[in-house]
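> The structure under discussion is supplied below as structure tokens; questions concerning it will follow.
The values are calculated or read from the model by the stated rules, or taken from the named source; none is laboratory data. The structure presented is a predicted model; accordingly, all values stated were derived computationally and were not measured. Cβ coordinates were reconstructed from backbone atoms using ideal geometry, including for glycine residues, and neighbour counts include every protein chain displayed.
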Amino acid sequence: MEIRENPLSATVVLGPRNDLWEYSPSSKEWTWVRGSSTVPGNQLGIYGTEGTAAATNVPGGRSAAVSWIDASNNLWLFGGNGHDSTGAPGLLNDLWSYTP
């Protein structure tokens, strides 16, 4: 993990994350929606039962993932570099959806 000094004042810790934020253009503010609020955010994923939605399911911390929003405003997240459910590091091959 790399630590850099933010020129604006705070120290920034780089590494995998599993937090989800929402931006409001009208208020120009970010709101924490879900995921870990701890740093570093390299927590293991909680997968539950495949294909079954549950509030306890949480994607693990990751970097370099692909995400997109579909026509129904659902957020999709695929893969990235992180730790699998056993704690082994490497490339992930999991697909998550979040419906606000």
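> Of all residues in region 64-98, which are closer than 15 Å to Tyr47 by Cβ, assigned to a strand (DSSP E or B) and among the polar types (S, T, N, Q)?
Asn93, Ser97
> On to the next question. Given (1) under 21 Å from Val33 (Cβ atoms); (2) surrounded by fewer than 14 Cβ atoms within 10 Å (Cβ to Cβ); (3) at pLDDT 90 or above, identify the lone condition not met by Asp94.
(2) is the only condition that Asp94 fails.
> Which of the residues belonging to region 33-59 are in contact with an Asp or Glu (Cβ under 9 Å, 6 or more places away or on another chain) and at pLDDT 85 or above?
Tyr47, Pro59
> While we're looking at this one, here's another question. Being part of a loop (DSSP other than H, G, I, E, B) and either closer than 16 Å to Arg17 by Cα or among the small types (Gly, Ala, Ser) (or both) is the filter here, so list the residues in region 48-63 that pass it.
Across region 48-63, the qualifying residues are Gly48, Gly51, Ala53, Ala54, Ala55, Asn57, Pro59, Gly60, Gly61.
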